[in-house]
1. List pairs: first residue in segment 39-62 and in the same structural domain as residue 116 (by TED's automatic domain parsing), second residue open to solvent by less than 20 Å² (accessible area, probe 1.4 Å) and among the polar types (S, T, N, Q) anywhere in the structure, Cβ distance under 7 angstrom, at least six positions apart or on different chains.
2. Within segment 101-125, take every residue that is over 14 Å from residue 135 (Cβ atoms) and open to solvent by less than 10 Å² (accessible area, probe 1.4 Å) and give me the one that is nearest to ligand 1 (Cβ to nearest atom).
3. Filter segment 188-208 down to residues that are in a loop (DSSP other than H, G, I, E, B) and among the charged types (D, E, K, R) and give me whichever is least open to solvent (accessible area, probe 1.4 Å).
4. Within segment 93-104, identify whether any single residue is closer than 20 Å to residue 24 by Cα and assigned to a helix (DSSP H, G or I), and answer yes or no.
5. Just to be sure, is residue 211 open to solvent by less than 20 Å² (accessible area, probe 1.4 Å), part of a strand (DSSP E or B) and either farther than 18 Å from residue 267 by Cα or not charged (D, E, K, R) (or both)?
Amino acid sequence: MSDHVVGSKSFAAVAINCASKAGEWIMSKVGAHEVLREKMSPHDLVTEVDKGSEKLIRSLIMMNFPNHSFLGEEGVEPGPEASAKALEDVRDAEYLWIVDPVDGTTNFVHGFPYFAVSIALAHHGEVILGVVYDPWKDELFIAEKGKGAYVRGRRMNVSSEPTLRDSLVATGFPPEHATALPRNLAQLQLLAPKVRSIRSSGSAALHLAYVAAGRLSAYWEVGPNSWDLAAGALLVQESGGRIGDQDGTPYHLGVRNVLATNGYIHDELQAELAKA
Ligand code: IPD
Ligand code: CA
Ligand code: CA
């Protein structure tokens with residue numbers, strides 16, 4: 001039996017079960033969520049659905065793997081310092097689950113059908129399993145380290161655009177407006193005339209899954225957190241793409257200024273982002 005199996009349930013089976021249960025519950029709350037609070041600003045929302053989804057996922061994981069560690073967005077105070085501290089606190093964990101219970105909360109609140117549940121498992125700091133589930137489309141993206149990435153059971157491959165001018169790229173509008181948003185906007189302005197087009201659909205995890213599936217050539221953003229990126233990062237890598245910090249550092253859990261591409265346009269896009 002491989003070390004991916006504990007008792008009778010594989011890590012992947014538990015992650016898929018968590019994502020589908022949470023997704024079903026989230027969908028039952030579309031248009032019917034109750035409490036809406038602002039975190040850092042009106043651009044950063046949290047509902048009782050975010051909290052409930054995280055609670056559900058956490059208890060299912062802990063039931064199966066009581067010795068594992070857990071890092072979920074809703075257990076961390078807003079802001080980059082608290083995020084860095086939370087990651088530091090679990091640095092020595094053997095197995096660490098990293099969860100964004102609803103990635104795309106603004107979309108969820110507005111009924112815009114583009115949000116996901118993101119669940120990753122890291123072993124000594126290296127992501128070995130990533131699941132991103134879009135409950136609206138009932139589309140599940142999954143990757144296991146060294147075993148490829150799949151959507152709806154079909155193997156995924158990144159796209160093959162060789163240059164920026166052929167590329168469809170995506171970004172976000174960072175909720176942190178002091179430094180992240182202005183930098184991201186400068187990059188957007190610089191890139192818009194150089195690429196085929198730009199999308200900003202409101203879920204970092206799904207943008208990464210779409211890079212993995214070859215639907216986007218690249219995704220970049222200034223300032224997302226570990227829980228926005230961990231699962232999607234493995235999807236991109238296992239689909240043949242490249243992901244890391246915009247400064248060229250390969251992906252690790254602490255990366256925030258993310259650049260994920262099909263590989264072919266990586267150096268070109270990285271060089272352009274650095275000019276902004
Ligand atoms: C946000 C989304 C958004 C991205 C932000 C994230 P949330 O996550 O992924 O697309 O631009 O940086 O914070 O708050 O909806 O979980
Ligand atoms: Ca998120
Ligand atoms: Ca979230």
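The values are calculated or read from the model by the stated rules, or taken from the named source; none is laboratory data. Quantities reported herein were computed from a predicted structural model and do not represent experimental measurements. Quick reminder, even Gly has a Cβ in these numbers, built from the backbone with ideal geometry, and neighbours come from all protein chains shown. The protein model used for the area step is the full one, side chains on, heavy atoms only, and it has no ligands, DNA or RNA in it. Shrake-Rupley method; radii C 1.70, N 1.55, O 1.52, S 1.80 Å.
1. Correct list of pairs: 45/105; 46/105; 47/105; 50/105.
2. Taking segment 101-125 first, the residues over 14 Å from residue 135 (Cβ atoms) are 106, 109-110, 120-125.
Those still in the list that are open to solvent by less than 10 Å² (accessible area, probe 1.4 Å) too: 120-122.
Working: 120: 14, 121: 19, 122: 19 Å.
Within segment 101-125, the match that is nearest to ligand 1 (Cβ to nearest atom) is 120.
3. First, pick out the residues of segment 188-208 that are in a loop (DSSP other than H, G, I, E, B): 192-196, 200-203.
Remaining after also requiring among the charged types (D, E, K, R): 194, 196.
Working: 194: 79, 196: 163 Å².
Applying the filter and picking the extreme gives 194.
4. Within segment 93-104, none of the residues are closer than 20 Å to residue 24 by Cα and assigned to a helix (DSSP H, G or I).
5. Numbers: open to solvent by less than 20 Å² (accessible area, probe 1.4 Å): yes; part of a strand (DSSP E or B): no; either farther than 18 Å from residue 267 by Cα or not charged (D, E, K, R) (or both): yes.
The answer is no for residue 211.
Results for (1) more than 19 Å from residue 71 (Cα to Cα); (2) within 15 Å of ligand 2 (Cβ to nearest atom); (3) not assigned by TED's automatic domain parsing to the domain that holds residue 115, shown as yes or no for each residue.
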{"site": "192", "(1), (2), (3)": "yes, no, yes"}
{"site": "198", "(1), (2), (3)": "yes, no, yes"}
{"site": "231", "(1), (2), (3)": "no, yes, yes"}
{"site": "234", "(1), (2), (3)": "no, no, yes"}
{"site": "248", "(1), (2), (3)": "yes, no, yes"}
{"site": "257", "(1), (2), (3)": "yes, no, yes"}
{"site": "268", "(1), (2), (3)": "yes, no, yes"}
